[in-house]
2 protein chains.
Amino acid sequence: MVGGGQLARMTHEAGIPLGIRFKLLSDGPQDSAAQVVSDVVVGDYRDLETLRAFAKGCDVVTFDHEHVPTEHLRALEAEGVVIRPGADALLRAQDKGAMRDALTSIDVPCPRHRIVADPEDVAAFAAEGDAAARSASVEGGGGRREGEGFPIVLKTVRGGYDGKGVWVVHDTEEAAEPFKAGVPVLAEEKVDFVRELAANVVRSPHGQAVAYPVVESIQVDGVCDTVIAPAPNLSEELSAQAQRLALSIASELGVIGHLAVELFETRDGRILVNELAMRPHNSGHWTQDGAVTSQFANHLRAVLDLPLGDPRPRARWTVMTNVLGGDYPDMYHAYLHCMARDPALKIHMYGKDVKPGRKVGHVNTYGDDLADVRERARHAADYLRGTITE
Amino acid sequence: MVGGGQLARMTHEAGIPLGIRFKLLSDGPQDSAAQVVSDVVVGDYRDLETLRAFAKGCDVVTFDHEHVPTEHLRALEAEGVVIRPGADALLRAQDKGAMRDALTSIDVPCPRHRIVADPEDVAAFAAEGDAAARSASVEGGGGRREGEGFPIVLKTVRGGYDGKGVWVVHDTEEAAEPFKAGVPVLAEEKVDFVRELAANVVRSPHGQAVAYPVVESIQVDGVCDTVIAPAPNLSEELSAQAQRLALSIASELGVIGHLAVELFETRDGRILVNELAMRPHNSGHWTQDGAVTSQFANHLRAVLDLPLGDPRPRARWTVMTNVLGGDYPDMYHAYLHCMARDPALKIHMYGKDVKPGRKVGHVNTYGDDLADVRERARHAADYLRGTITE
């Protein structure tokens, strides 16, 4: 696995019972995964020679992030290295423009979007949406005004995560910022959604696929805070529609491994695709304690073309809440407190140094009473962060 | 952790989410645990210097086997190394004579036993039991005859496991074998038991303790084959008695960490202690998938003096069956078959080379229907071993 973050750490953990020899390419010897894996190569994933040497002796190469240059992936594939997901599929998780093109070409509902050239173009994109909305509305009419159709979401097509590389802009002045890096920018309508959902599926090379229950994902400041499995009060129809959509994306894009499809549930009862991730994903961490087979185990089973494991839930409700670093670098006493207060709490720490706002772990709770299950996860995450003292 | 076997491998796996920096002393670099642990020292656990160097930088030293010489443990403790369980407690798991003495001194019911000097002494031990049985019986009477009181169980006091170092002898001639190694031999009555049970408990330095449900353990040829959790048709009274007994042994002997108490359930409804193990134990492997907190996680939490995790079961029934090596060294295709046949099967492989009869992994199954749960585990284990082809 390329990338030494917590996803690789937890994938290794899931591979131990499967008897898998796990080899890691990590930026540094103290990265989250490098702390716990036996076979670690320290090197730069942006360097083709490093990747080539790492891939030697691997049956399959997979990833804990989307940042490996696409041209390196293609070079390795041309040399016969087995990469899963493959470069063609992975491009759609690396490049938000390519992702939107691919999804649109297979008729997947997405927010209105296009690549924009500069702030003026953003204003034009905004106005197009405003005009469309007006023409669709009985109250419509009138000429183009400055600020029409804003706010607009701007995203750098590559490299963003956890709210980084994403801006919500209200006029052309604010729209200037994303262009400063000189990289392509994608504009999207700001969807009037009631909540965010995620549909997680796993697909193997011979086409077997499994779908996890659709979850609700609650973001705070653009960062995933809490995931509830299954999404409360989601109609069977919309749930099945979201699962079918994710399975169809996996199949049409040729995804191998875990695919997370982040969705908006709109006020008028539709679902639109927000983002794709082709790897284990924060919205699937609940599966470690809440499903028969975790997303990490199924990602490994998929990329190694082993039969997939049962994705069904083990509890009525499972809640995952991320633990962010707070102002206190030493979480030890908070850790003791949380373990003592709730012996059924499932803590997953990443071995990372605590920095304010950094994801340093997550907690899972499960049970029959959703309010109680949510409260337990909330309390533990807040206590570990230091925002409450009891 | 000292010892690179599957218990250390699974303990490391359980330590990853807890954020524990796990260091291993392993006989070789390809031992089961050494394959998956980052921080491995290869060395001989019988060498005090090696142990001393290994212990440097460890907060706590614990063990995946009982074979570290007691005098080395005492030397390290004298130097301030924190060893859990400590040498005094561990001696009772290392030396079956010391174990029997300790249990008898705290009034724990055990089979009749004593250290024997030679085959003649074994005959005398057998006759004592026979005389006691006769005097207790209304049909009793008559003088001592050759073969009276046999069969007798003989055990070397140190080094035995999985049926090794244990003999069932029927006369003085057969009784000669165990003495050939020149080590002390313990004689025990052959208990007329209806089945074997195990009571697993975990105790931490500040005295917190948890008890897992009492399980039934089914042995084949002296090796654990299947564990059923909880033990079917066990009366609440006997179950509570077994748990109290195990908690009391842990407390009286000062055990820190996981304690497995192997028990005989006698025909007349009593329980007698067979063996003790002060580490994660085969009778607790079901907890990985069947309990809220696994024995491995709780062993770590105990030796690090963290609050203990919830030991309660997550399913009505959980069954563990060991996978033994068969005649085919490559289990890959059998592995595919078992995963495809039963997507809910939980496989735990140890990364060991297959040798006939060697424990190379185990499977866990769980559900509401015991017959079905047992059949699934049985089928997978037999298929992986190669004794069935479907």
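Where a number appears in this text, it was derived from the coordinates with a stated rule and is not lab data. Here the structure is a predicted model, which is why all the values come from computation and not from measurement. No Cβ is skipped: glycine too gets one built from the backbone with ideal geometry, and neighbour counts run over all protein chains shown.
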Table column - 3J(HN,Hα) (Hz), the range B:271-279, Karplus curve with 6.51, -1.76, 1.60, x for Gly and Pro: 10, 10, 7, 8, 9, 10, 9, 9, 4
If r is the Cβ-Cβ distance from residue A:251 to residue A:183 and R0 is 35 Å, what FRET efficiency results, to the nearest 0.05? 0.70
Placing +1 on each Lys and Arg Cβ and -1 on each Asp and Glu Cβ in chain A, then taking the dipole about the Cα centre, the residue among A:65, A:123, A:178 whose Cα reaches farthest towards the positive end is A:65
Using the 10 angstrom Cβ neighbour count as an exposure proxy, how do A:286, A:167, A:317 rank, fewest first? A:167, A:317, A:286
Summed over the other residues with a beta carbon less than 14 angstrom from that of residue A:191, with K and R at +1 and D and E at -1, the charge totals -1
For chain B, treating each Cα as an identical point scatterer without solvent, what Debye log10 I(q)/I(0) comes out at q = 0.08 1/Å? -0.43
Positive-pole candidate from B:361, B:3, B:38, dipole of chain B, charges at beta carbon: B:38
Net dipole in debye of the protein assembly as shown [+1 Lys, Arg Cβ; -1 Asp, Glu Cβ; about Cα centre; nearest 20]: 140
Mind pulling up the Rg/Rh value for the range A:262-390? Radius of gyration and Kirkwood radius, both on Cα. 1.01
Percent of alpha-carbon pairs separated by more than 50 Å within the protein assembly as shown: 24
Between the label point of residue B:220 and that of the same position in each other copy, find the distances and list them shortest first in nm, with every label point placed 7 Å from Cα along the Cα-to-C-beta direction. 5.3
With a ≥ b ≥ c from the Cα gyration tensor eigenvalues, square-rooted, and the rule rounded for a/c under 1.5, otherwise prolate when a/b > b/c and oblate otherwise, the range B:251-296 is oblate
Determine the equivalent ellipsoid of the range B:210-282 by diagonalising the alpha-carbon gyration tensor, then write out the semi-axes as square roots of 5 times the eigenvalues, largest first, rounded to whole Å. 19, 16, 11
Distribution output for the range B:1-145: share of Cα-Cα pairs per 10 Å bin in percent, first bin at 0, values 10, 29, 24, 16, 12, 8, 2
Binned at 10 Å from zero, the C-alpha pair distances of the range B:344-390 give percents of 26, 51, 21, 2
Distance between the C-alpha centers of the range A:165-195 and the range B:271-335? Whole Å please. 52
Treating the point 7 Å from Cα along Cα-beta-carbon as the label, what are the nm separations from residue A:49 to the other copies, to one decimal? 4.1
Total charge of the residues flanking residue B:182 in space, meaning their Cβ is under 13 Å from its Cβ, with Lys and Arg +1 and Asp and Glu -1, is 0
Quick check for me: using +1 on Lys/Arg Cβ and -1 on Asp/Glu Cβ, what's the dipole size of the range A:159-237 about its Cα centre, in debye to the nearest 20? 460
Computed FRET efficiency, Cβ-Cβ of residue B:101 and residue B:387, R0 45 Å: what is it to the nearest 0.05? 0.60
Which of A:281, A:206, A:67 fluctuates most in a GNM of chain A (C-alpha springs under 10 Å)? That residue is A:206
Calculated label separations, residue B:237, copies of the chain, 7 Å along the beta-carbon direction, nm: 6.0
The local net charge around residue B:4, scoring Lys/Arg +1 and Asp/Glu -1 for residues other than residue B:4 whose Cβ lies under 13 Å from its Cβ, equals -2
For chain B, modelled as a GNM with alpha-carbon contacts under 10 angstrom, which of B:280, B:184, B:311 fluctuates the most? B:184
Under a Cβ-only charge scheme (Lys and Arg +1, Asp and Glu -1), can you give me the dipole magnitude of chain A about the Cα centre, in debye to the nearest 20? 1000
Roughly how many nanometres apart are two label points built 7 Å out from the Cα toward the Cβ at residue B:235 and residue B:70? 3.7
Calculated diffusion of the range A:6-83, Stokes-Einstein form, Kirkwood radius summed over Cα pairs, 4 °C and 1.567 mPa s, µm²/s: 100
Cα convex hull of the range B:45-110: mean projected area in nm², to one decimal? 4.8
Which of B:245, B:336, B:304 fluctuates most in a GNM of chain B (C-alpha springs under 10 Å)? That residue is B:336
